[in-house]
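*Asks:* Here's a structure for you.
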Amino acid sequence: MGWTALRIPVPGRRFVIGVPFAWLLLFFLLPFLILLYISFVDMGNDISPFKAIWNTETGLLHLKYQNYGSIFRAPDGDGLFQTIYIEAYLRSIWYAFCTALLCLVIGYPFAYFIARCAPGVRPALLLMVMLPFWTSFLLRVYAWKGILADQGMLNQLLLWMGLIAEPWQMLYTDVSMLVGMTYVYLPFMVLPLYANLVKLDFRLLEAANDLGASPFQAFWLVTVPLSRAGIVAGSMLVFIPSVGEFVIPSLLGGSENLMIGRVVWDEMFTANNWPRASALAVVMIVLIVIPLGWYYHVNGDTPATRH
């Protein structure tokens with residue numbers, strides 16, 4: 001059957017293409033524009049929650065740039081980029097990077113093993129990867145609290161084995177937070193990697209071995225470059241939600257693990273400053289979208305990616 005026989009009719013093709021665009025318009029662009037609007041207004045003093053951005057008498061726009069200015073400069077006039085918001089952004093990006101790296105290190109062998117297994121076994125292994133999704137997200141995070149607590153299962157096991165003399169404080173630390181985030185987001189790394197590795201022609205590895213390459217050289221010079229699309233997709237799927245993560249740092253992290261998701265929540269529900277919370281969210285989205293757009297602009301239309 002030729003390609004022309006498989007082509008979708010023009011009205012059907014427009015519908016198929018239009019559905020995702022409509023979805024993005026309704027659930028991403030429209031909420032983002034509302035968020036952008038709120039980030040430039042001031043809180044209202046009457047029944048309206050926000051002051052009008054358009055002065056009907058003078059015909060001028062009143063945009064409150066201070067919502068963004070206060071993110072980058074403290075009110076007392078300290079140096080630029082020396083605010084708690086910038087610290088929260090940098091801390092969030094660092095923890096998200098560490099989470100993506102840990103998921104890649106743990107998830108790549110998982111995905112490679114599943115891709116090399118017999119085809120009849122793969123569905124069962126994939127089911128085991130997705131099995132945690134059948135349980136509530138909050139229950140899984142609370143389960144880690146029980147495991148990592150001072151009187152938790154892990155400390156009791158180490159005490160019983162005689163490896164430690166007294167319980168270690170593992171909960172409310174960087175370690176407990178990274179453990180929880182890595183555990184939760186690991187399937188988002190494994191599944192794209194598996195989808196990429198299962199299509200890999202493993203005869204290329206045999207050819208590399210025949211040409212004198214060691215197993216590590218064949219893996220590093222053949223498998224890793226050919227699985228680059230899966231690595232990038234998995235890293236993005238882990239990194240992006242990790243930057244704005246709120247629940248896991250609140251339950252497993254300590255007071256010093258203040259990430260931008262918690263800062264936005266505090267500004268919105270504790271300080272009741274919705275414009276500044278919206279500005280923080282807009283900056284966070286821009287920080288994520290610009291590098292993504294640049295990456296796909298540089299690498300998204302190369303001959304390798306088209307094939």
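The values are calculated or read from the model by the stated rules, or taken from the named source; none is laboratory data. Predicted model, so just to flag it, every value in this text is computed and none were measured. In this analysis, Cβ positions are derived from the backbone assuming ideal geometry, glycine residues included, and neighbour counts consider all displayed protein chains. Side chains are part of the model used for accessible areas, which takes the heavy atoms of the whole protein and leaves out ligands, DNA and RNA. Shrake-Rupley method; radii C 1.70, N 1.55, O 1.52, S 1.80 Å.
*Asks:* Do you know which of the residues in segment 214-231 that are open to solvent by 30 Å² or more (accessible area, probe 1.4 Å) and in contact (Cβ under 8 Å) with a residue 40 or more places away in the chain is farthest from F97 (Cα to Cα)?
*Replies:* Step by step, filter segment 214-231, then rank; the result is A229.
*Asks:* Filter segment 172-205 for residues that are open to solvent by 70 Å² or more (accessible area, probe 1.4 Å) and assigned to a helix (DSSP H, G or I) and give the result.
*Replies:* Across segment 172-205, the qualifying residues are V175, Y183, F188, R203, L204.
*Asks:* Quickly run through segment 58-113 and pick out the residues that are outside any helix (DSSP H, G or I) and open to solvent by less than 40 Å² (accessible area, probe 1.4 Å).
*Replies:* Within segment 58-113, G59, A74, G79, T83 qualify.
*Asks:* Same structure again: Just name the residue that is least open to solvent (accessible area, probe 1.4 Å) out of those in segment 15-40 that are among the hydrophobic types (A, V, I, L, M, F, W, C) and in contact with a Ser or Thr (Cβ under 9 Å, 6 or more places away or on another chain).
*Replies:* Ranking the qualifying residues of segment 15-40, first place goes to I38.
*Asks:* Does V222 satisfy being at pLDDT 90 or above, farther than 17 Å from I106 by Cα, assigned to a helix (DSSP H, G or I) and among the β-branched types (V, I, T)?
*Replies:* Yes: the conditions hold for V222.
This table checks each residue for (1) modelled with pLDDT of 75 or more; (2) not basic (K, R).
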{"position": "V10", "(1), (2)": "no, yes"}
{"position": "R13", "(1), (2)": "yes, no"}
{"position": "V19", "(1), (2)": "yes, yes"}
{"position": "I34", "(1), (2)": "yes, yes"}
{"position": "N55", "(1), (2)": "yes, yes"}
{"position": "K64", "(1), (2)": "yes, no"}
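*Asks:* Filter segment 41-57 down to the residues that are part of a loop (DSSP other than H, G, I, E, B) and in contact (Cβ under 8 Å) with a residue 40 or more places away in the chain, then identify the one that is surrounded by the most Cβ atoms within 10 Å (Cβ to Cβ).
*Replies:* Top of the filtered list is V41.
*Asks:* So in segment 268-281, with the set limited to residues that are open to solvent by 10 Å² or more (accessible area, probe 1.4 Å) and closer than 14 Å to L35 by Cα, which one is farthest from the chain's Cα centre (by Cα)?
*Replies:* N273
*Asks:* Given the conditions (1) more than 31 Å from the chain's Cα centre (by Cα); (2) within 30 Å of G253 (Cβ to Cβ); (3) of a type outside the set (S, T, N, Q), and given that Y95 satisfies all but one, which numbered condition is not satisfied?
*Replies:* The one condition Y95 does not meet is (1).
*Asks:* Also: If you go through segment 153-171 one residue at a time, how many are out of contact with any Ser or Thr (no Cβ under 6 Å at 6 or more places or on another chain) and either outside any loop (DSSP other than H, G, I, E, B) or under 12 Å from L252 (Cβ atoms) (or both)?
*Replies:* Count: 10.
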